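J.: Structure below; questions to follow.
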Amino acid sequence: MKVLAALLLAGTIFGVVYGAAATLGTGTSFISAGNASVASCETGSVTGAPHLSNGTLVDGVTVSGLDPQCGGKAISVTLTGSNGTASLMSLSGVVPQGGGDVSLTGSTPVAATAVSGVSVAIQG
């Protein structure tokens, strides 16, 4: 069974505010994604911050505040474009044992002005 924790960071985090971070609070064991609630190992707040290259390109994301219960589970991050659905970059990795932070870097940077959001999924 997969456990999914999704977060959507809307706005112009990447294009307007360099190095900015956005936060999504979660409930005790559920997180809402769109109009559906799904079970989650994440019970606190998760923060996503872009890695900026040359001040104008996003080459990755650091997700921080991950709960220890998520340790060892697969994490995937998708940067979305202006329409909120176009995938600009997909990243994947593993949440460290004990939770905390995970930094994911892509192979091809994208223009910061093209990024309007990020979605994160933790599977397990």
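The values are calculated or read from the model by the stated rules, or taken from the named source; none is laboratory data. Here the structure is a predicted model, which means the values were calculated and not measured. All Cβ positions, glycine included, derive from the backbone under ideal geometry; neighbour counts span all protein chains shown. Side chains are part of the model used for accessible areas, which takes the heavy atoms of the whole protein and leaves out ligands, DNA and RNA. Shrake-Rupley method; radii C 1.70, N 1.55, O 1.52, S 1.80 Å.
J.: So if R0 is 30 Å, what FRET efficiency would Gln123 and Ser82 give, r being the distance between their Cβ atoms, rounded to the nearest 0.05?
T.: Rounded to the nearest 0.05, the efficiency is 0.65.
J.: For Thr108 and Thr47, what does the FRET efficiency come to when R0 = 25 Å and r is the distance between their Cβ atoms, rounded to the nearest 0.05?
T.: Step by step, r from the Cβ atoms, then E = 0.55.
J.: Subtract the Cα-Cα distance of Ala74 and Thr56 from 0.36 nm times their separation in residues, and report this length gain in nm to one decimal.
T.: In short, 3.6 nm is gained.
J.: Could you check how much of the accessible area of the range 72-124 is carbon and sulfur, as a whole percent, using a 1.4 Å probe?
T.: 51 percent
J.: Would you mind checking the radius of gyration and Dmax of the range 54-118 based on alpha-carbon positions, in Å?
T.: Computed over the Cα atoms of the range 54-118, radius of gyration and Dmax are 12.7, 36 Å.
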